[in-house]
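Below is one structure, written out as structure tokens, with a few remarks after it.
The values are calculated or read from the model by the stated rules, or taken from the named source; none is laboratory data. Small disclaimer: the values here were computed from a predicted structure and weren't measured. Here the Cβ positions follow ideal geometry from the backbone for every residue, glycine too, while neighbour counts run over all protein chains shown.
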Amino acid sequence: MPYFTSVQQYLESEREAGNADVPNSESAANQFLGMIANYVLWPRMLLTDWNPAASDIHYAVEQAVETTLARYASDRTV
């Protein structure tokens, strides 16, 4: 839960600063962390031999960031 809360608070602060158009920070944090968990966490819990390379994890996180920016960046930051 600390990760969720910190992401949610970050998104709220970016909204307040005018850098993000995030009408629901709880939903946005859930979406962001869900994209990462879908590649990193869930397979590891279900597949005993799942061990992605650090570069693959980094790429998954980068893709989650890019997707989140595409959805929630304000017109001012694009």
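Against the condition in contact with a Ser or Thr (Cβ under 8 Å, 6 or more places away or on another chain) and basic (Lys, Arg), how does ARG71 come out, does it pass?
In short, no.
Looking at (1) buried (at least 16 other Cβ atoms within 10 Å of the Cβ); (2) under 14 Å from the mean Cα position of the chain (by Cα), which one does ARG15 not meet, given that it meets all the others?
Of the numbered conditions (1) buried (at least 16 other Cβ atoms within 10 Å of the Cβ); (2) under 14 Å from the mean Cα position of the chain (by Cα), the odd one out for ARG15 is (2).
Could you check the chain for helices (runs of 4 or more DSSP H) lying wholly inside it with 1 or more residues that are modelled with pLDDT of 95 or more?
Where helices (runs of 4 or more DSSP H) fall fully within the chain and carry at least 1 residues being modelled with pLDDT of 95 or more, they are 2-16, 25-39, 54-72.
Is the range 51-62 home to any residue that is without any contact (Cβ under 8 Å) to a residue 12 or more places away in the chain, surrounded by 16 or more Cβ atoms within 10 Å (Cβ to Cβ) and more than 12 Å from the chain's Cα centre (by Cα)?
Checked against the condition, which is being without any contact (Cβ under 8 Å) to a residue 12 or more places away in the chain, surrounded by 16 or more Cβ atoms within 10 Å (Cβ to Cβ) and more than 12 Å from the chain's Cα centre (by Cα), the range 51-62 yields no hits at all.
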